[in-house]
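Below you'll find the structure, written out as structure tokens, and then a few comments.
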Amino acid sequence: MTTLRFSYHMRLNFELPVREHHFKLRCFPSSDDRQRISYERVEIYPVHFRTEERDSFGNMCIYGTARQIHDHFTVDVEGTAETDINAKLRAEPHKTGLFKYDTALTKAGESIREFHLSLDPMNWMTEYERAVYMMNELYEEFTYTPGVTGIMTTAEEAFSMRHGVCQDYAHIFLALCRLERIPCRYVAGMIPGEGATHAWAEVLDGEAWRPVDPTHNRVCDDTYIKISCGRDAQDCAINQGVFYGGGKQTQEVRVIVKRKR
Amino acid sequence: MALTAEELCSYSDNVNEQLARYGVKFGIYKNGEFHEQLFPFDVIPRVISHDEFAYLERGLKQRVSALNEFLRDIYSRRRIIADGVVAEEFVYSGSGYLVPCDGVSPPGGIYSHISGIDLVQGRDGSWYVLEDNLRIPSGASYPLIARELCRRTIPDAFTGRALEDNSNYAELLRRTMDHVNTGGHPVILTPGRFNAAYFEHSYLAEQTGARLVTCDDLVVENDRLYFTDYSGRKEQVGAVYRRISDEYLDPVNFCSESLIGVPHIFDIYRKGNVAIINAPGNGAADDKGIYYFVPKMIRYYLHEEPILHNAPTYLPYYEQDMSYVLANFDRLVLKDVAEAGGYGVVFGSKLSHEQKEEFIRMMKAEPRRFIAQEVIDFQDIDIYEDGVRVPRKADLRAFVLMSDEAAVWKCGLTRFSRNPDSFIVNSSQGGGFKDTWVMSE
């Protein structure tokens with residue numbers, strides 16, 4: 001058992017005033033087989049009404065409306081996570097099929113297909129072993145480079161450049177697994193240090209989901225805090241919103257995760 | 001004395017003029033521009049005998065019940081996939097499958113409140129289902145108002161004929177809305193007057209007594225949906241017959257560019273705090289690929305033999321079907337499952353050699369995208385054109401409304417092609433319509 005303290009801070013700055021701001025936030029880790037979450041603070045400002053729900057992947061969401069005129073919008077979440085590396089993350093068998101098929105962001109195009117074909121035949125391996133093998137190969141082929149891709153960059157676009165960030169690693173990895181029809185899902189979460197959120201993947205191994213981190217080419221340990229999962233980054237969108245006004249907007253995100261002693 | 005057909009036809013211009021005056025129009029988008037067109041009405045009704053319609057009615061209720069079970073299943077336990085009856089890929093890769101609907105149980109367990117099932121009658125008299133429309137099937141208002149105007153203008157045409165009254169559509173629709181209402185007003189949500197079916201939205205609102213609203217009239221607050229009236233007073237809404245497709249329904253949850261949706265309406269629907277008619281995610285069952293599986297669904301869920309036939313259909317996705325399609329290409333009609341409104345339909349015989357090669361290449365690359373069907377030579381129906389009666393292809397859209405039980409409206413929209421060489425009857429491609437008389441004895 002490992003205990004981690006986490007805090008998530010987001011601030012949206014609007015160039016021009018905003019009103020009738022409808023939001024849906026997905027930045028709240030929830031307890032599962034591998035992690036137990038307790039919250040110390042969940043603050044959203046400004047807000048006229050807010051309410052909670054779980055989406056169809058079981059992710060916790062808070063949605064609501066800020067009617068009053070505002071030029072910034074902030075979210076602050078703090079708490080602790082107790083993680084258990086040995087616990088099995090049980091899968092619901094009737095839901096795993098959903099994670100076998102392409103989405104717009106994870107559809108393999110020519111460059112990913114070509115790379116997939118270049119890999120040694122993997123017939124003798126289990127699905128999970130194949131996934132890990134492909135993760136190793138991807139890691140050798142791809143370079144971590146911030147600033148060249150964006151949140152709407154597809155796996156194929158990123159892979160044809162051979163450069164990108166954690167979201168791209170995860171998407172390409174999912175595209176490869178899905179070519180093999182291995183059920184796999186996208187995970188948004190936090191890891192120790194100070195910075196932005198992280199992204200990794202879970203691969204179905206028999207009856208359990210096994211988390212792996214393609215960006216670091218490793219199996220996830222007990223320092224990973226999962227926020228949400230879905231078929232791709234879009235299912236895990238941390239902030240969905242519509243509003244009137246606003247002009248240009250900028251977003252600041254600060255994530256801090258520390259081991260608790 | 002009942003009128004002769006010739007006498008009846010002499011009223012054609014008169015009735016069409018009245019329909020125009022009532023604004024019975026159909027809007028289409030062509031090259032990005034909105035054009036409003038009159039929807040040409042042919043005065044010669046299609047007549048369906050009492051017994052024949054009773055047969056259709058049984059088959060339609062059966063079909064829609066199975067489709068509803070299917071929707072309930074694929075958004076919850078997915079037994080039909082686990083049991084290998086429907087190929088998983090067709091469910092999850094279909095454009096209509098809406099993942100956020102997973103685990104939602106809509107009020108009353110009803111997904112398909114209003115279904116429009118398109119049928120044709122073959123030359124041998126047997127009926128075939130060509131398409132199930134479970135998203136936002138439109139068209140009921142056209143025969144509804146046409147009947148009313150004809151009764152007023154040509155009362156003699158109805159004298160001595162025992163036909164089913166069709167004016168109960170509004171009642172059926174209102175019952176369907178009330179049955180799932182979670183508490184509050186019923187409303188009809190329209191995108192506005194630039195929608196192809198705006199006439200229908202306003203007419204059905206007037207006929208059912210539901211309020212006609214646009215997104216600006218509705219607001220979600222504290223997990224409830226409210227209608228805001230002219231004075232700013234809020235009244236709760238319990239049932240929304242939305243005439244907006246899923247992707248535009250809620251800009252927070254779906255397409256954020258949507259200017260016609262209601263923010264958070266989907267969130268409170270998930271919580272069971274409002275009924276949405278038809279249920280979001282219904283498109284998963286009316287996909288052209290899923291059509292192939294409907295007879296299997298009927299056997300699987302209802303343990304009955306299908307009463308209505310599908311047109312013989314092949315899925316190139318299955319190897320065996322692919323070989324059949326390649327061997328019989330010139331006899332078949334091929335459809336792109338992602339297209340609607342009569343688009344993406346190709347007759348094998350009409351392709352040039354190069355086009356055929358190109359099509360086969362596409363089909364082999366993406367077999368999941370296409371279905372192939374035997375061409376059904378359907379019966380012609382007479383229409384009145386420039387003073388003479390001429391035969392044209394026609395189909396029938398039958399409407400099934402679900403409340404405590406499935407009910408079939410004893411009428412329907414008969415659409416015909418105005419082009420003598422065309423099988424495509426869609427109004428978006430310039431077809432016309434007829435009233436459908438169901439005889440009561």
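The values are calculated or read from the model by the stated rules, or taken from the named source; none is laboratory data. Keep in mind it's a predicted model, so treat the numbers as computed, not measured. With ideal geometry, Cβ positions are generated from the backbone for all residues, glycine too; neighbour counts draw on all protein chains shown.
Quick notes on this structure:
- Leading residue by the ranking (modelled with the lowest pLDDT) among those in segment B:340-358 that are farther than 18 Å from B:Val375 by Cβ and not hydrophobic (A, V, I, L, M, F, W, C): B:Gly341
- Total residues in segment B:245-280, condition in contact with a helix residue (DSSP H, G or I) (Cβ under 6 Å, 6 or more places away or on another chain), surrounded by fewer than 24 Cβ atoms within 10 Å (Cβ to Cβ) and not hydrophobic (A, V, I, L, M, F, W, C): 1
- Search result, residues across segment A:224-261 that are within 22 Å of A:Gly195 (Cβ to Cβ), loosely packed, with under 15 Cβ neighbours inside 10 Å and in contact with a His (Cβ under 9 Å, 6 or more places away or on another chain): A:Glu252, A:Arg254
- Index of the failed condition, B:Glu257 passing every other in (1) acidic (Asp, Glu); (2) within 14 Å of chain A (Cβ to nearest Cβ); (3) in a helix (DSSP H, G or I): (3)
- Residue in segment B:219-239 that is closer than 24 Å to B:Glu36 by Cα, in contact with a helix residue (DSSP H, G or I) (Cβ under 8 Å, 6 or more places away or on another chain) and of a type outside the set (Lys, Arg) present: no
- Residue selected from segment B:86-95 under the condition more than 8 Å from chain A (Cβ to nearest Cβ) and assigned to a loop (DSSP other than H, G, I, E, B), by the criterion farthest from B:Ile110 (Cα to Cα): B:Ala87
- Hits in segment B:60-85 - residues which are more than 11 Å from chain A (Cβ to nearest Cβ) and either closer than 25 Å to B:Leu249 by Cα or crowded, with 21+ Cβ neighbours inside 10 Å (or both): B:Leu60, B:Arg63, B:Val64, B:Ala66, B:Leu67, B:Asn68, B:Glu69, B:Phe70, B:Leu71, B:Arg72
- Those residues of segment B:225-252 which are touching a residue at least 60 places away in the same chain (Cβ under 8 Å) and in contact with a Lys or Arg (Cβ under 7 Å, 6 or more places away or on another chain), in sequence order: B:Ser245
- When A:Arg50, A:Arg67, A:Arg41, A:Arg36 are screened for being charged (D, E, K, R) and under 20 Å from the mean Cα position of the chain (by Cα), only A:Arg36 passes.
- Search result, residues across segment B:260-278 that are within 10 Å of chain A (Cβ to nearest Cβ) and assigned to a loop (DSSP other than H, G, I, E, B): B:Gly261, B:Val262, B:Pro263, B:His264, B:Lys271
- Pair list, Cβ under 6 Å, 6 or more apart: segment B:181-200 residue over 18 Å from B:Ser258 (Cβ atoms), other residue assigned to a helix (DSSP H, G or I) and among the polar types (S, T, N, Q): B:Glu200/B:Ser141
- Looking only at segment B:114-138, and only at residues there that are part of a loop (DSSP other than H, G, I, E, B) and under 18 Å from B:Cys411 (Cβ atoms), the one that is nearest to the other protein chains (Cβ to nearest Cβ): B:Pro137
- Single residue of B:Val237, B:Val262 found to be modelled with pLDDT of 95 or more and in contact with a Cys (Cβ under 6 Å, 6 or more places away or on another chain): B:Val262
- Taken together, A:Gly58, A:Gly64 contain a single residue that is within 19 Å of A:Pro211 (Cα to Cα) and within 11 Å of another protein chain (Cβ to nearest Cβ), which is A:Gly58.
- The residue that is nearest to the chain's Cα centre (by Cα), counting only those in segment B:96-113 that are among the aliphatic types (A, V, I, L, M) and part of a loop (DSSP other than H, G, I, E, B), is B:Ile110.
- Single residue of B:Thr208, B:Thr228 found to be of a type in the set (Ser, Thr, Tyr), crowded, with 17+ Cβ neighbours inside 10 Å and either within 17 Å of A:Tyr244 (Cβ to Cβ) or more than 11 Å from every other protein chain (Cβ to nearest Cβ) (or both): B:Thr208
- Only one of the numbered conditions (1) away from every other protein chain (no Cβ under 14 Å); (2) touching a residue at least 12 places away in the same chain (Cβ under 8 Å); (3) of a type outside the set (Ser, Thr, Tyr) is not met by A:Met125, and that is (2).
- Leading residue by the ranking (surrounded by the most Cβ atoms within 10 Å (Cβ to Cβ)) among those in segment B:181-205 that are in contact with a strand residue (DSSP E or B) (Cβ under 8 Å, 6 or more places away or on another chain) and among the hydroxyl-bearing types (Ser, Thr, Tyr): B:Thr190
- Boolean, A:Gly241 is at positive phi and not aromatic (Phe, Trp, Tyr): no
- Considering segment A:1-51, the residues that are within 14 Å of another protein chain (Cβ to nearest Cβ) and loosely packed, with under 15 Cβ neighbours inside 10 Å include one that is farthest from A:Arg67 (Cα to Cα), namely A:Phe49.
- Failed item in (1) surrounded by fewer than 21 Cβ atoms within 10 Å (Cβ to Cβ); (2) among the hydrophobic types (A, V, I, L, M, F, W, C); (3) over 19 Å from the mean Cα position of the chain (by Cα), with A:Met152 passing the rest: (3)
- Meets criteria (out of contact with any Lys or Arg (no Cβ under 8 Å at 6 or more places or on another chain) and modelled with pLDDT of 95 or more) for A:Gly109: yes
- Scoring B:Phe90 on the criteria (1) surrounded by fewer than 20 Cβ atoms within 10 Å (Cβ to Cβ); (2) within 23 Å of B:Tyr343 (Cα to Cα) leaves a single failure, condition (1).
- With respect to the conditions (1) free of Cβ contacts under 8 Å to residues at least 24 places away in the same chain; (2) touching a strand residue (DSSP E or B) at 6+ places or on another chain (Cβ under 7 Å), B:Asp13 lacks only one, and its number is (2).
- Residues of segment B:149-205 classified as of a type outside the set (Val, Ile, Thr) and more than 30 Å from B:Thr4 (Cβ to Cβ), total: 30
- Candidate set: segment A:121-141, residues that are outside any helix (DSSP H, G or I) and not aliphatic (A, V, I, L, M); chosen: the one modelled with the lowest pLDDT: A:Pro121
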